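> Structure in structure tokens, see below.
The values are calculated or read from the model by the stated rules, or taken from the named source; none is laboratory data. Keep in mind that this is a model prediction, so the values were computed, not measured. Here the Cβ is made from the backbone with ideal geometry for all residues, glycine too, and neighbour counts use every protein chain on show. Accessible surface is based on the protein model in full, side chains and every heavy atom, while ligands, DNA and RNA are left aside. Shrake-Rupley method; radii C 1.70, N 1.55, O 1.52, S 1.80 Å.
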Amino acid sequence: MEPTPDVPASAETMFDWDAWVLKQTWSTFDWRLSRQDLERIPWERLQRSTVDAVARLHRRYDRLYRPNAEPELSPAHLEQLRRLTLHTTPHVPAQPRPVSEWLGPVRKRGPYVPLPTSRFGGKVVDFLTVGFELDMPIAVYRRGGLLADRPHPHDTRGEAEEIVSDDVDPQRVKSIVINKVLTALNSQTDLVVVRKDDDEGDELFNERMRELQMMDDDREDEIEDELPYDSNSPSRSGPQKKPPPQYSPGVAWNDNIEEKAIDTAKVAMILNFPCSDPLTLDRAFDVEQSLVTATENDMWRAIQRVPIQVYMDGAQVQVRNRAFRLLQLKAFQLRRDVRHIALEGMKPRHRAFSVYTLDDAPGARFVTNGNYADPPEEDAKSLYGWETVRISSPVMAGDTLGQFTAAAGDICRVMRANFRIHREMIAIPATTQVVVSHTNGFTIQEVKKLLGMYAVLEPYLARLNRDYRSKPGYETICGSVKTESNLGQLAQTGQPWNDPRGIMPRISDEERGVLLDELNRLWPTDLLFSDETSAADQIFYAALWTYPDITTLCRNVTRAEPNRKTGLTAQCRGGIRTENVDATADDEFEAARQGWSSGNYDVVDPGRGVFKFRCAATSMDPMHLVCWTVVCLSIADFAKNADDHSYRTAITQILRREAGILDILKIPQDVQGWYRSRIRESDGFFRLDDVMDKISWNDPFYSRI
């Protein structure tokens, strides 16, 4: 097989890929030997006859020579399956109709009147917020036990030596790696890093957090009766609140008793503090630090070790419960990073950095020897026990990127210094998620503007990331909203009227006319509905603007099934603006019937809504994380704050390719320079300096910085 030609991005549409693919000697050549070349072929652009012919030759070769490797599908087979999935529909064929006829007449309406600015805490707030979720595949321990040879003896970064065999309970492995990450980050940075509660999101958890917040606000007298603490289920209930004096006649209720109990419990907490690194022993004896990382079981056991000199019946239980409650409150108050933005109704975990493992993440467990330039003699994935760890940042102000940059630098420095984190590669579909919101929430028009602009920018944003992130096979990780969302898949059929799932907006002709008039005002519809735009794209954009409420809009423009995700996930609820709307029984029944994820209702910030940008691969380069975050923030800022004329002009420039997207979005020049220095001339895609197409097994981990 000939090497794949280096076709410049500007001439890619002129090159005859069909002719080049068909002239290769597929019948006598193992396609597995040229995976890198095959990945550079734009299979989605080839004619159907070309794809079918190559797939037949690949099947014939596999049938004749029976390769030793595990059976797998070639890129041609994958493209066949993609097209089959895309074009196969159970609907009865209908006569095609022009898009304009389906949309109905455009009706005139009065001038646009923006919604009044909402208030938060008695003050008008108006700025973007940002956060990130960074996934890291970590080699936690070497398989084969402590007597097994070290796969990388030159790497002095620690392993979990307490894992002495491969038969360790997986939950214990997760607990060990989380404790190690918490210890490293809390002892070597000024970040406040907490663990994620196992029952986060449960009704009782939410009630417990609400009560602690009321205690923090000095509104404890408003708390209703609580259940006594159950040591067998510490995360399910809380102790009784402090009873009034008349509740225990004969006992002089003394706050000093509680204070002494808490002080003693703090000492007990210190003794239980998990710390294996001698360099951080002095930090381990920090009382506040021990409370930041403690579980509720840790706090409850500490309280039980406190001698309480009260001898009335039931009084000791009351004192212990009260002391435990105050210890919980102290931990609740300490688990706040100075960089966080306090927003009403936000989850307490989002006030600090948090660490947890991902159960369903493939991580590095499915990397094969063929993914390495110099593979080991043994199966690479069997040499280590892997865990994918996610570090989630607190909600931070979008206009204070100095703090964001410092935090990203600290995390990358400490994690790379202490852990063996596998470098980014195509076989590890880990993701860096940038989460953007706004203190004032979003109106439905702003949500539509953001989703529409992102859809137009998709092919350009793909070039700001690794090329494989936008190729077939990654639809489950960061697929296109125009092909992988519910609306996108329906639009691809070209038959939006055949819609038994109720994906298309259900509105009257008059409402549709008003909404399309808004589309005409904000978008260059002469370009959008021209012959150069596919019918599927016309249907997608027109339908996007005719959804009457935010909940239905985000449910259908963002992929809802758990096994497939789009490059932009919109987690918003509400009508004409984002708001905390509880899911009704009918909503949940409909979600189950349609196969939608319950995540449509369990959103990160239900009152304001969030947008998760998922295009970027995992990265332990702090500048990469910062620069990609700037791009995501700029998109949200432009959609939220640009006036109608500026927005329409920007969309026109993008569609006509009159200017670069970095200039259109007003990206700072230093960020533009950083990206431009890392765009490959060969294919026009982003590539970090220290990332190779094939990683060496001798050095598969991120180095220290």
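> 7 Å from Cα along Cα→Cβ at both ASN498 and LEU204: what's the point-to-point distance in nm?
5.0
> Another question, if that's okay. Beta carbons within 10 angstrom, averaged per residue: use that to sort the peptides 669-681, 489-501, 373-385, 183-195, highest first.
Details: 669-681: 13.3, 489-501: 17.3, 373-385: 14.9, 183-195: 20.5.
Result, highest mean first: 183-195, 489-501, 373-385, 669-681.
> Counting only the heavy atoms of the protein chains, how much of ASP526 is accessible to a 1.4 Å probe, in Å² to the nearest 10?
In the full protein context, ASP526 sits at about 100 Å².
> Let me ask you something else. What distance in nm separates the two pseudo spin-label positions at ASN698 and LEU64, each 7 Å out from Cα along the beta-carbon direction?
With each label placed 7 Å out from Cα toward Cβ, I get 3.8 nm.
> Using 0.36 nm per residue, how much length does the chain from SER27 to GLN403 gain when fully extended, once their Cα-Cα distance is taken away?
On the way: separation 376, 0.36 × 376 = 135.36 nm, distance 5.74 nm.
Net length gain for the segment: 129.6 nm.
> List the residues whose amide H sits under 5 Å from the amide H of TYR384, counting only those 5 or more places along or on another chain, with H placed 1.01 Å from N in the peptide plane.
Excluding prolines and chain starts, which carry no amide H, the hits are ARG143.
> Where Rh is the Kirkwood radius over the Cα pairs of segment 387-477, the temperature 10 °C and the viscosity 1.306 mPa s, what D in µm²/s does Stokes-Einstein return? Don't skip to the end; give the middle numbers.
On the way: Rh = 16.3 Å.
The Stokes-Einstein estimate is 97 µm²/s.
> In the full protein assembly as shown, how much of PHE685 is accessible to a 1.4 Å probe, in Å² to the nearest 10?
30
> Follow-up question, since we're still on this one. Sorting LEU527, LEU655 by accessible area (1.4 Å probe), largest first, what list results? Before the final figure, lay out the partial values.
Details: LEU527 40, LEU655 70 Å².
Highest to lowest solvent-accessible surface, that is LEU655, LEU527.
> Let me ask something else about it. Of the cross-linked pairs LYS174/LYS381; LYS347/LYS448; LYS174/LYS330; LYS449/LYS666; LYS23/LYS694, which ones have a Cα-Cα span greater than 20 Å in the structure shown? Display every interim value, and only then the final one.
Working: LYS174/LYS381 18 Å; LYS347/LYS448 26 Å; LYS174/LYS330 26 Å; LYS449/LYS666 17 Å; LYS23/LYS694 27 Å.
Going by Cα-Cα distance, LYS347/LYS448; LYS174/LYS330; LYS23/LYS694 fall outside the 20 Å limit.
> By the scheme Lys and Arg +1, Asp and Glu -1, what is the net charge of all other residues having a beta-carbon under 11 Å from that of SER696?
Surrounding charge for SER696 is 0.
> Could I ask something else about it? Ignoring ligands, DNA and RNA, how do LEU22, LEU291 rank by accessible area with a 1.4 Å probe, largest first?
Working: LEU22 95, LEU291 0 Å².
Order by accessible area, largest first: LEU22, LEU291.
> Roughly how far apart, in whole Å, are the Cα centres of segment 491-556 and segment 390-458?
Comparing the Cα centres of segment 491-556 and segment 390-458, I get a distance of 29 Å.
> Also, I was wondering about something else. Along each of its three principal axes, how wide is the spread of alpha-carbon positions in segment 339-436, in whole angstrom units, largest first?
If we take the Cα atoms of segment 339-436, the spans are 54, 26, 22 Å.
> May I pose another question? Please give the length that would be gained between ARG45 and ASP683 if that part of the chain were fully extended, namely 0.36 nm times their separation in residues minus their C-alpha to C-alpha distance (nm, one decimal). If you can, show how the numbers build up before the last one.
Numbers: separation 638, 0.36 × 638 = 229.68 nm, distance 1.58 nm.
Fully extending the segment from ARG45 to ASP683 adds 228.1 nm.
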